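Enquirer: Can you keep this structure in mind? I'll have questions shortly.
No value in this document is a laboratory result; all are computed from the given coordinates. Nothing here was measured: the structure is a model prediction, and the numbers come from that model. Heads up, the Cβs are rebuilt from the backbone with ideal geometry, glycines too, and the neighbour counts pull from every protein chain shown.
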Amino acid sequence: MNTSHPRFTRRAVSRGIAAAGLTGLVVRPRTFAQTPAAEGWEFTDFRDVTVSLPEMPTRVVAQTTSAASLWDFGIKVVGFYGPNDEESDRDFLQIGKMDVSTMTYLGDWGTLDTELLVATEPDIYVDLYRGGEFLWYLPDQATADQVEEISPTIGINANGVPFMDTLHEFERLAVALGADVEGPEIAEGKTNLTEAEATFKSAIAGKEGLKVLAISTDATGGAYLWNGNWLNDMQYLQSLGMTAVDVGVGDDMPTLQISMEQLGNYPADVYLLDDRESPDVLSGQPIWESMPAVKAGQVGTWYSSVLYSYRSLAEVLNLYAAVLAEAEPVV
């Protein structure tokens, strides 16, 4: 770990946040000993917060999605905080291609092991911003302060911006961390994504009215219907020609919570079930089984944890295309 403390500088923070529509975000950068940027490493995130270090950081810790996204760009993250698949027998997209055996696991949501974080000696901590006042997995001031006492934080915006903008920001950070994004692996990922986009468009050709709805369950036996205008992965799919069901909430609201009895009020030709849940989570539920799309077998997976990388996006596009190619309007 670098022994010299980093510094945060605020560059027109209020102006930048307002322009991005992020007025709920609290930016409280800590002040550390100054190191001239020309002699070291510097990165400015979407908050207009600049992190400067005496040298390029090599010990990166990140929330799971951010860690796996950086890994796809060639950055070997040393520790991760968030979902982990070590006790699951299902494929877990959010882990991506990370070799977790070489990494320190720091706990899941709300259980960050700060002593272990200190022992990991991070140079920087990277996390997504998904709305609200704080970074995604640092959801309150106390947690944010704890982490910032140990390491500077870098935020990548995934709220109200196109999916590819977030992907490109991970790419920018990876380049700053020394990644070779012109190498063969990234080139292959870009080629695969171009081909996957063409496959996806072909799958929905002539099906412009096909309505798709992403859905999760809740603890009460109801459901969360995801707003396709809030999710930047769904925005991306719509940019390729897919139609998402309008769930009737503002663009700044992620979901609509309903009872199962209300599901028929939001007719869909294809349901995409949250990949964080068992694929048979709704099996045997009478109202669910009565839906035309379910009767027609037009149920797929919503890959809520798609990584912000060319490889991961190409992979899930092909999976979506396989479902949509077989689907027909039923409502």
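Enquirer: Over region 185-325, what is the relative contact order in percent, taking alpha-carbon pairs closer than 8 angstrom and at least six residues apart?
Expert: Normalised by residue count, the contact order of region 185-325 is 32 percent.
Enquirer: Which of 222, 155, 206 moves the most in a Gaussian network model of the chain with Cα springs under 10 Å?
Expert: Sorting by GNM fluctuation, first place goes to 206.
Enquirer: Calculate the translational D of region 224-292 in whole µm² s⁻¹ from Stokes-Einstein, where the hydrodynamic radius comes from the Kirkwood formula applied to all Cα pairs, the temperature is 20 °C and the viscosity 1.002 mPa s.
Expert: D, rounded to a whole number, is 163 µm²/s.
Enquirer: How big is the chain on each of its three principal axes, counting only the C-alpha atoms and giving the largest first in Å?
Expert: 63, 43, 42 Å, listed from the longest principal axis down.
Enquirer: So for the chain, averaging the separation of alpha carbon pairs under 8 Å that are six or more residues apart and normalising by length, what relative contact order in percent results?
Expert: With pairs under 8 Å counted, the relative contact order is 16 percent.
Enquirer: Can you list, bin by bin at 10 Å, the percent of alpha carbon pairs in region 185-325, starting at 0?
Expert: 12, 43, 34, 10, 1
Enquirer: Would you calculate the volume per residue, in Å³, of the smallest convex hull containing every Cα atom of region 158-214?
Expert: Spelled out: Cα convex hull of region 158-214, divided by residues, is 111 Å³.
Enquirer: Here is a further query. I'd like the trypsin sites (Lys or Arg not before Pro) in region 240-331 restricted to DSSP loop residues with at most 16 other Cβ atoms within 10 Å, sorted by number.
Expert: Answer in residue order: 276.
Enquirer: Mind checking which aspartates and glutamates have their C-alpha under 20 Å from residue 211, skipping anything on the same chain fewer than 8 residues away?
Expert: The qualifying aspartates and glutamates are 197, 233, 246, 251, 261, 269, 274, 275, 289, 326, 328.
Enquirer: Ok, one more. At 222 nm, what value in deg cm²/dmol follows for the chain if DSSP H runs of at least 4 each add -39500 (n - 2.57) and the sum is divided by all its residues, to the nearest 500?
Expert: Dividing the helical sum by the residues of the chain leaves -9000 deg cm²/dmol.
Enquirer: While we're here: Residues of region 277-320 with amide nitrogen under 13 Å from the 7 Å Cα-to-Cβ point of residue 218?
Expert: The answer is none, because no backbone nitrogen lies closer than 13 Å to the label point.
Enquirer: Please check the chain for the longest run free of GluC sites (Glu not before Pro) that are loop-located per DSSP (anything but H, G, I, E, B) and have at most 10 other Cβ atoms within 10 Å.
Expert: 209-331
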